[in-house]
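Notes for the one structure printed next.
No value in this document is a laboratory result; all are computed from the given coordinates. Note that the structure is a prediction, hence the values are computed from the model and not measured. Cβ placement follows ideal geometry from the backbone for every residue including glycine, while neighbour counts extend to all protein chains displayed.
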Amino acid sequence: MFPLRRVARGFRSGLVQLAIGTAMTANAPLPLRHFLLALAVVAVWGTNFVVIRIGLNHLPPLLFATLRFCMVLVPMVFIVKRPAVSWKNLAAYGLLIGAGQFGLLFVAMKGHISPGLASLILQTQVFFTIGMAMWISKERIQGFQVVALLLAVAGIVVIAAHGGGAATPLGVMLGLLAALSWSGGNIVARQAGPVNMLGYVVWASLFSIPPLFLMSLWLEGWPAIVHGVTSASLGTWLAVAWQAVGNTMFGYAAWGWLLARHPAATVTPMALLVPVFGMSASALILGEGLPAWKLIAAALVLTGLAVNMLWPKVRTKFLAPA
């Protein structure tokens, strides 16, 4: 049994550190090459929701998630050295990101929410992270954070009220739970300290695969697993491979590389572009409509995220007393 008090203390420490990192302000912009790298990452992450939708045409969602992490693990586990973190930390991250974030996300996207809206709702992980940090560290919420949260909540309400075929109540709920799992994974990763993020993700996959496969076996059944694997087309396997290579290995490694060289407040606002790429790719490739209510919802959520991420920097730079 894990030492619960030690895990709780570490979790609290990670939350406090993440809250401090979120509140940082950055003075120097990203160099052009680093900006283009960050742009490439968010483009991959945004358009990846379309790739997920394509893969789900032939694979059950939990099996799809299982195969994704299998391709991350093998053969990279024999190439990349295990980072110097505890097995408990790797297990927590693998469970939260694997079974939590992507397991729930893939289930949601199997007919419950469109790729564009999924890319938007998943970004609410920012508010979950800050809320948990404040709850644990007993910090008081600031005025701009209340405004940011209300804007984002208004956007989610618009989605829930007008989703229709684009988002069911179950899809919205699963998307929010996936965002909550992602925020927990971020906190656990922060607790691990400065490690090789590629190796971290690869070795944490050891703990993502078993629960995902067991859930697939229980909820989707062995016949569906066999049929999904044997009937998958080349395009389906390319979608699985892209999940592992493009989204995980390139995306996480490049993002971690950028965060190791620049303040978090300089890099993380780039993530605001993920829903932009996600909704644009969904409209162009899958023909997902962009009615007025969806654009209003996107504007509300993205404005809330922008206020939360950028207001401290704007206040310091333009509103601080001379």
Within region 231-271, work out how many residues are free of Cβ contacts under 8 Å to residues at least 60 places away in the same chain and closer than 20 Å to Val74 by Cβ. 5
Residues that are of a type in the set (Ser, Thr, Tyr): list the helices (runs of 4 or more DSSP H) wholly contained in region 208-322 that include at least 2 such residues. 222-231, 273-285
Taking the residues in region 262-311 that are surrounded by fewer than 20 Cβ atoms within 10 Å (Cβ to Cβ) and aromatic (Phe, Trp, Tyr) as candidates, determine which candidate is farthest from Ile141 (Cα to Cα). Trp293
Within region 292-322, track down each residue that is under 23 Å from Ala161 (Cα atoms) and free of Cβ contacts under 8 Å to residues at least 12 places away in the same chain. Ala292, Leu295
Report, ordered by the first and then the second residue, all pairs with beta carbons closer than 7 Å, sequence separation of six or more or different chains, a first member in region 51-62 that is outside any loop (DSSP other than H, G, I, E, B), and a second member that is among the aromatic types (Phe, Trp, Tyr) and surrounded by 19 or more Cβ atoms within 10 Å (Cβ to Cβ). Val51/Trp242; Ile52/Phe106; Gly55/Phe64; Pro61/Phe106; Leu62/Phe106
